[in-house]
Amino acid sequence: MTYGDILKGASKYSPAAITWDRQPIYDTEGVLNGVTAIPDISFFTKPINNTYTVAAAAVIKYKLDTNLDQSGKLGGKRLFILHGFHIQLRGLVLEAASAATATALSDMETIYEAGLFEFSVGGGRPRVSLPLSVIGCGMGLYANVATAYSAGPIGDALPSIRVVSNGIPKPSNFYKYVLGGDINDPGVIESDVQFGATVKFPAAVAAVTTGISMKVYLDGILGSIVQ
């Protein structure tokens, strides 16, 4: 089945007028630390040049953080065929203690085990609602990869970066939504259709004490309309 077949009856554009790229849609947000009831985290609502918060610090979103230039929509003459999702967590630890690594890894485990992932299109009911731990990391660093912890020239702590992936990092390690094309539910997102993802924490969890950011990827094919 070709992408032209998938789009028949699902898009107002002619398949011949679309060029395709293997390009995910992605966004980054921070996980609020220092609280036992972690608030919901909404993704794809703040485009490039907006800010998100990690460890009480505002971080400006650049192309590395998101590739959306408007809130909750593809915008322009584009459409997207959704294949699935993968998620990465990244921790920035700035502590003068050797326990910083263990704390960061424990926080990431808490987030994976206590989070509920939801994805919706068009403002309706969630198309996907499942435990965060089910969603793989895709390609990325595996387990605990870090810079060496050391003290600065005046005894202050230097940052130590921790990246944790859910499962073995390989391109096939993502949660499949549509793969190969399902004509009844093709997963097509039009340029003017609202979409979004949310990570919820339905129950009170152990406090997340370190600064952690979360990146959500929508894996799939991005189409540019040329007519």
Among the numbered criteria (1) surrounded by 15 or more Cβ atoms within 10 Å (Cβ to Cβ); (2) at pLDDT below 90, which single criterion is violated by L74?
(2)
Could you tell me which residue of segment 40-63 is surrounded by the most Cβ atoms within 10 Å (Cβ to Cβ), considering only residues that are without any contact (Cβ under 8 Å) to a residue 12 or more places away in the chain and not small (G, A, S)?
N50
List the residue pairs whose Cβ atoms are under 8 Å apart, where the first residue sits in segment 106-117 and is free of Cβ contacts under 8 Å to residues at least 60 places away in the same chain and assigned to a loop (DSSP other than H, G, I, E, B), the second is surrounded by fewer than 20 Cβ atoms within 10 Å (Cβ to Cβ) and among the hydrophobic types (A, V, I, L, M, F, W, C), and the two are 6 or more positions apart or on different chains.
none
Can you spot a residue in segment 157-166 that is modelled with pLDDT under 75 and in contact with a Cys (Cβ under 6 Å, 6 or more places away or on another chain)?
yes
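The values are calculated or read from the model by the stated rules, or taken from the named source; none is laboratory data. What you are looking at is a predicted structure, and each value in this text was computed from that prediction instead of being measured. Cβ coordinates were reconstructed from backbone atoms using ideal geometry, including for glycine residues, and neighbour counts include every protein chain displayed.
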